[in-house]
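Notes follow once the structure below has been shown.
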């Protein structure tokens, strides 16, 4: 498995990038490849992002200890995944976990043997995952969308009514620093996370899905007074440093998964940006 490594980028360097440069540094274009595991390793808070799509064969987490300087991948890491495809199975050190569509699985530090399967090759599972460093081993736990902590915010009149499903957050799942969830936009709403914010204490990755081939999301990024955008297509992810806004507007309906790691897990800890401030 080839690992795509991304170095950290500061705000001054960000200003020098053209469209190709922005996409090279922050966009993850391909996450799902049949019978493979993809992996992008970002130096921004050491997050790892990728996808697993077993179709005709079981996908096994390869030996990555040398790459990460440990005996095995999750020796000093935790991992969260959300299945956006058909029903699947994750085997963790021999224990079977069934993970249905839009169900999540938190995998604690210390898990060694990870194997991924689909129930049907005609409707393969698509396990989107985030992983970050961990100092404590918390129990592995499955979370259904009904168990996630829902929060509906925004309004139809501002085209940003949405429900946030918090899968891996304090009170739902114990984790070291990983926070992860899924946001569904209401019919007719196209904006996410607007009004926008930054959070100096956490980085974030957005993964957009549920779009048709001709659909796009214009993902806003950069410092609040010097914003840029990256055009996102179906099943692509984008890395947001802590100093960058992270918001988007779609040409059609979409859903997105957000994942954060950093100093804290306090979901409301955001530095809100007034609409009059944006440039």
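The values are calculated or read from the model by the stated rules, or taken from the named source; none is laboratory data. All values reported here derive from a predicted model rather than from experimental measurement. Counting neighbours? That spans all protein chains shown, and the Cβs are built from the backbone with ideal geometry, glycine included.
Just one of the numbered conditions (1) part of a strand (DSSP E or B); (2) on the phi > 0 side of the Ramachandran plot; (3) surrounded by fewer than 19 Cβ atoms within 10 Å (Cβ to Cβ) is not true of residue 188: (1). For segment 148-158, state whether one or more residues are surrounded by 18 or more Cβ atoms within 10 Å (Cβ to Cβ) and farther than 27 Å from residue 25 by Cβ. Scanning segment 148-158, I find at least one residue that is surrounded by 18 or more Cβ atoms within 10 Å (Cβ to Cβ) and farther than 27 Å from residue 25 by Cβ, so the answer is yes.
When the criteria are applied in full, residue 93 meets the requirement of being surrounded by fewer than 15 Cβ atoms within 10 Å (Cβ to Cβ), more than 30 Å from residue 201 (Cα to Cα) and modelled with pLDDT of 95 or more. With the requirement that a residue be assigned to a loop (DSSP other than H, G, I, E, B), over 26 Å from residue 83 (Cα atoms) and in contact with a helix residue (DSSP H, G or I) (Cβ under 9 Å, 6 or more places away or on another chain), what does segment 4-63 give you? Result: 7, 9, 17.
Which of the numbered conditions does residue 203 fail, given that it passes all the others? Conditions: (1) under 16 Å from the mean Cα position of the chain (by Cα); (2) in a loop (DSSP other than H, G, I, E, B); (3) closer than 18 Å to residue 257 by Cβ. It fails just one condition, (2). Please tell me if residue 256 is under 22 Å from residue 186 (Cβ atoms), surrounded by 20 or more Cβ atoms within 10 Å (Cβ to Cβ) and either under 18 Å from the mean Cα position of the chain (by Cα) or in contact (Cβ under 8 Å) with a residue 60 or more places away in the chain (or both). Taking the combined requirement at face value, the residue satisfies it. For residues that are over 28 Å from residue 57 (Cβ atoms) and assigned to a loop (DSSP other than H, G, I, E, B), scanning just segment 113-144, find the one that is nearest to the chain's Cα centre (by Cα). So, considering only residues that are over 28 Å from residue 57 (Cβ atoms) and assigned to a loop (DSSP other than H, G, I, E, B), the one nearest to the chain's Cα centre (by Cα) is 134.
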